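**Q** If you scroll down you'll find the structure; I have some questions about it.
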Amino acid sequence: MKRLTLMIFGFCCAFSLSAQKYPVSDIASELKKGADIVIRNSVQDLNIINLERGVYKESIAITVLNSEGFEFAVFSESYDKLSKLKNIAISYYDKEGKLIKKVKKGDIEDYNITSSGSIYDDNRMKYYEPSEYAYPFTIEYSYSSQFESTAYFQPFNPQFVDGISVEKASYSATVPQGYQLRFKELNGIEPHTFSESEDGDTYKWEIKNQATIKKVYAGKAARYRGQHVKLGPSKFVMEGYEGDLSTWKEFGAWQVKLNQGRDEISDKVKKEIDELLLGIDNPREKTRLIYQYLQRNTRYVSIQLGIGGFQPFDAMNVIENGYGDCKALSNFTYSLLKYAGILSHFVVIKAGPDEEDIDVDFPSFQFNHVIVAVPMEKDTVWLECTSQKAPFNFLGSFTDDRHALMITDEGGVIVKTPEYEEKVNTQRRVAEVNVDAEGNISAKVKTTFKGRQFDDHYHRAKWGKEDQKKYLLNVIDLPAFDLKSFSYEENRETEIPFLQEEINLQVRKYATKSGKRLFLVPNLLNRSRKDPPKDDSRETSIIVKYGYEDVDSVSYTLPENYRLEFQLEDVEVSTEFGEYKLSYKFDPETNQLKFTRYLLVKEGEFPAESYKDFRDFFRKVRRSDVSKLVLIGET
């Protein structure tokens, strides 16, 4: 009996030990430092069966160290008409590695993830969000995805955001013998291993013991800085359309096939275009009128159905329904221009204000939007076809200053969209301010925004009065002020549109009174508030995504019998990052002080070793922005 008891006890111990997985105590201290999660083990397996089909499998264990990493404890994988998720398994373990929960199949949600503005969308998601267990804890999950298009391959990029450390991660890609797998190894990752078998050719990559990538100010995101591999097909098939991604030209040729036969417009629309362009000979003016016709007669909705994510609905569909997605509306614009005898091109692009540029050396599906390019004799007109409000030939931060793929009859050609330079992205502010003997002020302020700065602000012109007022009350950083009146007016008729903002306000005790003196900050509304963080070990380049120019001219009428106690010295700083100037001019005859602030920030990429100088420049701006002058009253 005693022997049997010992055997049972030994069996239970063995079972208990085997049930423990990924104890946190096993994680090296250097991998915990600065991390929100640690990838304990990640296995990605891509198997291309033929040009039409493949299977992708993923198994991963992630230890979540704190609440900042909780999003990684949530299982969320999307699928659509061309892919199916199977064999989902999810488990959670405490810090000792003991099982907390094994998720049942019925607990995993499955829902449509139709985006705002979408009416047709076959994107769905499998989703499970756990309780917020005591930290640290571990999630382990696995799944497989069967896909019916080989146009896109999952990348190998475990550290795709900051805060991720990696114990071990691997990626294997198996392709048919002789198939040309395209890949790009980046940032010092160990070169792949290669093996051949009856199942095909296998490429494999591994990453081990990688500490977290630190988030940096004004620098590239972690997903571009860690060791990773981009993968892509050569030949592929999507819903019967065969293509080749070996070159951008071939990529474009595939898109040409998708677009063919979709440019026919109705007789009614032809008549409307004829009447619209009657007596107009200038191609640019014709293009402008057609663009305005598009904006008046259509609206944007998202449509993502299988190959519909890449193939536009035909022009007749847009005419009949009055709406379309970026592809359909761009194709409709192309069709109208074609009827008018104006050459234009479908352009696929990676859109978004904060998106990094595409990798022009690695042809692949890197795009999420479509616009239209219209070559002119001396330049190119660019049209954003999804907006009823966008100015003619103005792209703004959504698609400006980046590479894109222009689709021509001969195939794809890499092009660059316009860059709005510092001298175009302007903010001009003129203010007239009256100061009384108690330090109260009344101010009339007029601000004009152009270029990218117009793009940052123009939407407010369409807001209701209450929303405009709430915005101004929130953004004006002054103590105890009364907003007496305000207005917005925009001009979209020029190719560099602008917005004018006018405000009238009163500020109590703006200048601090002490005896017969008033202490006043002449920089009324454009003060830098934050320094770039200190970083003595900067290793990555500094990136300023867009430059701009601000000019503030403030005229102060001082109270009677007050004068400047002493003249402030002008400030002038010039660096590779920008320029900054302050000037003060006092006219004793009119008792007026004229203050001018000038700030030019230059776009560009600057070496890591210049970060201290970069920080010093903006610290100088912040300190000077709040400098005070002293007014003294005569008794």
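**Q** Looking only at residues that are more than 14 Å from GLN366 (Cα to Cα) and either in contact with an Asp or Glu (Cβ under 6 Å, 6 or more places away or on another chain) or free of Cβ contacts under 8 Å to residues at least 24 places away in the same chain (or both) in segment 401-417, which one is least open to solvent (accessible area, probe 1.4 Å)?
**A** So, considering only residues that are more than 14 Å from GLN366 (Cα to Cα) and either in contact with an Asp or Glu (Cβ under 6 Å, 6 or more places away or on another chain) or free of Cβ contacts under 8 Å to residues at least 24 places away in the same chain (or both), the one least open to solvent (accessible area, probe 1.4 Å) is THR417.
**Q** Now a separate question. For LYS98, work out the one condition from (1) in contact with a strand residue (DSSP E or B) (Cβ under 8 Å, 6 or more places away or on another chain); (2) modelled with pLDDT of 95 or more it doesn't fulfil.
**A** With (1) in contact with a strand residue (DSSP E or B) (Cβ under 8 Å, 6 or more places away or on another chain); (2) modelled with pLDDT of 95 or more applied to LYS98, the lone miss is (1).
**Q** Let me confirm something: among LYS126, LYS95, which residue is in a strand (DSSP E or B) and either open to solvent by 40 Å² or more (accessible area, probe 1.4 Å) or farther than 30 Å from GLY34 by Cβ (or both)?
**A** Numbers: LYS95 fails: in a strand (DSSP E or B).
Of the residues listed, the single one that is in a strand (DSSP E or B) and either open to solvent by 40 Å² or more (accessible area, probe 1.4 Å) or farther than 30 Å from GLY34 by Cβ (or both) is LYS126.
**Q** Now, a different point. Tell me which residues, restricted to segment 74-92, are closer than 23 Å to ILE27 by Cα and in a loop (DSSP other than H, G, I, E, B).
**A** Within segment 74-92, the first condition is being closer than 23 Å to ILE27 by Cα, and the residues that meet it are 74-75, 90-92.
Passing the criteria: only VAL74.
**Q** Checking GLU490 against (1) without any contact (Cβ under 8 Å) to a residue 60 or more places away in the chain; (2) farther than 20 Å from PRO353 by Cβ; (3) over 25 Å from the mean Cα position of the chain (by Cα), which test does it fail?
**A** Only one criterion is unmet by GLU490, namely (2).
**Q** Pairs under 7 Å by beta carbon, first residue at pLDDT 95 or above in segment 265-288, partner charged (D, E, K, R) and open to solvent by less than 70 Å² (accessible area, probe 1.4 Å), six or more apart or different chains?
**A** LEU277/LYS286; ILE280/LYS286
**Q** Regarding segment 458-469, can at least one residue be identified that is in contact with a Pro (Cβ under 8 Å, 6 or more places away or on another chain) and in a helix (DSSP H, G or I)?
**A** Kept after step one, since they are in contact with a Pro (Cβ under 8 Å, 6 or more places away or on another chain), are these residues of segment 458-469: 458.
This time we only want the ones that are in a helix (DSSP H, G or I), so: 458.
So far as segment 458-469 goes, yes, one or more of its residues are in contact with a Pro (Cβ under 8 Å, 6 or more places away or on another chain) and in a helix (DSSP H, G or I).
**Q** Hey, any hits in segment 20-31 for a residue that's modelled with pLDDT of 95 or more and on the phi > 0 side of the Ramachandran plot? Even if it seems obvious, please write down each step before you answer.
**A** Quick first cut of segment 20-31, residues modelled with pLDDT of 95 or more only: 22-31.
Pick out the ones that are also on the phi > 0 side of the Ramachandran plot and you get 22.
For segment 20-31, residues modelled with pLDDT of 95 or more and on the phi > 0 side of the Ramachandran plot: present.
**Q** Counting just the residues of segment 549-580 that are among the charged types (D, E, K, R), assigned to a loop (DSSP other than H, G, I, E, B) and within 20 Å of ALA437 (Cβ to Cβ), which one comes out least open to solvent (accessible area, probe 1.4 Å)? Before the answer, list the steps.
**A** Taking segment 549-580 as the starting set, the residues that turn out to be among the charged types (D, E, K, R) are 549-550, 552, 560, 563, 565, 569-570, 572, 576, 579.
From the residues that got through so far, the ones that are assigned to a loop (DSSP other than H, G, I, E, B) too are 560, 565, 569-570, 576.
Next, only the ones that are within 20 Å of ALA437 (Cβ to Cβ) stay: 560, 565.
Details: GLU560: 152, GLU565: 65 Å².
This residue is GLU565.
**Q** Given the conditions (1) aliphatic (A, V, I, L, M); (2) in contact with a Gly (Cβ under 6 Å, 6 or more places away or on another chain); (3) assigned to a loop (DSSP other than H, G, I, E, B), which single one is not true for LEU518?
**A** So LEU518 meets the others, but not (3).
**Q** Quick one: ILE265 ticks every box in (1) touching a helix residue (DSSP H, G or I) at 6+ places or on another chain (Cβ under 6 Å); (2) within 20 Å of PHE183 (Cα to Cα) except a single one, so which number is it?
**A** Checking ILE265 against (1) touching a helix residue (DSSP H, G or I) at 6+ places or on another chain (Cβ under 6 Å); (2) within 20 Å of PHE183 (Cα to Cα), the one that fails is (2).
**Q** Can I ask one more? Can VAL318 be described as crowded, with 17+ Cβ neighbours inside 10 Å, part of a helix (DSSP H, G or I) and not polar (S, T, N, Q)? Before you say what the answer is, go through the steps one by one.
**A** Values: crowded, with 17+ Cβ neighbours inside 10 Å: yes; part of a helix (DSSP H, G or I): yes; not polar (S, T, N, Q): yes.
Here the answer is yes, as VAL318 does meet what is asked.
**Q** Take ALA390 and decide whether it is open to solvent by 10 Å² or more (accessible area, probe 1.4 Å), within 26 Å of TYR556 (Cα to Cα) and not in a strand (DSSP E or B).
**A** Details: open to solvent by 10 Å² or more (accessible area, probe 1.4 Å): yes; within 26 Å of TYR556 (Cα to Cα): no; not in a strand (DSSP E or B): yes.
So ALA390 does not fit the description; no.
**Q** Would segment 602-613 turn up any residue that is acidic (Asp, Glu) and part of a helix (DSSP H, G or I)? Show your work before the answer.
**A** Kept after step one, since they are acidic (Asp, Glu), are these residues of segment 602-613: 603, 605, 609, 613.
Restricting the remaining residues to those that are part of a helix (DSSP H, G or I) gives 609, 613.
The answer is yes, given that some residue of segment 602-613 is acidic (Asp, Glu) and part of a helix (DSSP H, G or I).
**Q** Only one of ILE543, ILE632 is open to solvent by 30 Å² or more (accessible area, probe 1.4 Å), in contact (Cβ under 8 Å) with a residue 24 or more places away in the chain and touching a Phe, Trp or Tyr at 6+ places or on another chain (Cβ under 9 Å). Can you tell me which?
**A** On the way: ILE632 fails: open to solvent by 30 Å² or more (accessible area, probe 1.4 Å).
Just a single option satisfies the conditions, and that option is ILE543.
**Q** Does VAL348 count as touching a Leu at 6+ places or on another chain (Cβ under 6 Å), part of a strand (DSSP E or B), touching a residue at least 40 places away in the same chain (Cβ under 8 Å) and surrounded by 18 or more Cβ atoms within 10 Å (Cβ to Cβ)? Lay out the reasoning, then the answer.
**A** Details: touching a Leu at 6+ places or on another chain (Cβ under 6 Å): yes; part of a strand (DSSP E or B): yes; touching a residue at least 40 places away in the same chain (Cβ under 8 Å): yes; surrounded by 18 or more Cβ atoms within 10 Å (Cβ to Cβ): yes.
Taking the combined requirement at face value, the residue satisfies it.
**Q** So, in segment 173-194, how many residues would count as being under 17 Å from GLN44 (Cα atoms), of a type in the set (S, T, N, Q) and either open to solvent by 40 Å² or more (accessible area, probe 1.4 Å) or out of contact with any strand residue (DSSP E or B) (no Cβ under 6 Å at 6 or more places or on another chain) (or both)?
**A** Matching residues across segment 173-194 total 1.
**Q** Could you give every pair whose Cβ atoms fall below 6 Å, whose first residue belongs to segment 219-247 and is at negative phi and open to solvent by 40 Å² or more (accessible area, probe 1.4 Å), and whose second residue is charged (D, E, K, R) and part of a strand (DSSP E or B), counting only separations of at least 6 or pairs across chains?
**A** LYS230/LYS184; LYS235/ASP244
**Q** I've got another one for you. State which residue pairs qualify: first residue under 16 Å from ILE62 (Cβ atoms) and inside segment 123-140, second residue among the aromatic types (Phe, Trp, Tyr) and open to solvent by 70 Å² or more (accessible area, probe 1.4 Å) in any location, beta carbons under 6 Å apart, and separation of 6 or more residues or different chains.
**A** none
**Q** Now for a separate question. Go through segment 482-500 and give me each residue that's surrounded by fewer than 16 Cβ atoms within 10 Å (Cβ to Cβ), over 11 Å from PHE394 (Cα atoms) and of a type in the set (A, V, I, L, M).
**A** LEU483
**Q** Ok, one more. I need a count of the residues in segment 581-625 that are open to solvent by 60 Å² or more (accessible area, probe 1.4 Å) and β-branched (Val, Ile, Thr).
**A** 1
**Q** Return the only residue of ALA437, ALA443 being in contact with a strand residue (DSSP E or B) (Cβ under 8 Å, 6 or more places away or on another chain), within 30 Å of LYS484 (Cα to Cα) and assigned to a loop (DSSP other than H, G, I, E, B).
**A** ALA437
**Q** Looking at (1) at pLDDT below 95; (2) assigned to a helix (DSSP H, G or I); (3) touching a strand residue (DSSP E or B) at 6+ places or on another chain (Cβ under 6 Å), which is the only condition ILE303 fails?
**A** (2)
**Q** Another question, if that's okay. Out of curiosity, is LYS462 modelled with pLDDT under 95, open to solvent by 50 Å² or more (accessible area, probe 1.4 Å) and either closer than 22 Å to GLU384 by Cβ or of a type outside the set (Gly, Ala, Ser) (or both)? Break it down stepwise before answering.
**A** On the way: modelled with pLDDT under 95: yes; open to solvent by 50 Å² or more (accessible area, probe 1.4 Å): yes; either closer than 22 Å to GLU384 by Cβ or of a type outside the set (Gly, Ala, Ser) (or both): yes.
In short, yes.
**Q** Here is a list: SER514, SER485, SER528. Which entry is under 17 Å from LYS444 (Cα atoms) and not charged (D, E, K, R)?
**A** Details: SER514 fails: under 17 Å from LYS444 (Cα atoms); SER528 fails: under 17 Å from LYS444 (Cα atoms).
From the options SER514, SER485, SER528, the qualifying one is SER485.
The values are calculated or read from the model by the stated rules, or taken from the named source; none is laboratory data. Predicted model, so just to flag it, every value in this text is computed and none were measured. All Cβ positions, even for glycine, are placed from backbone atoms using ideal geometry, and neighbour counts span all protein chains on display. These area figures cover heavy atoms from the full protein model, side chains too; ligands, DNA and RNA do not enter into them. Shrake-Rupley method; radii C 1.70, N 1.55, O 1.52, S 1.80 Å.
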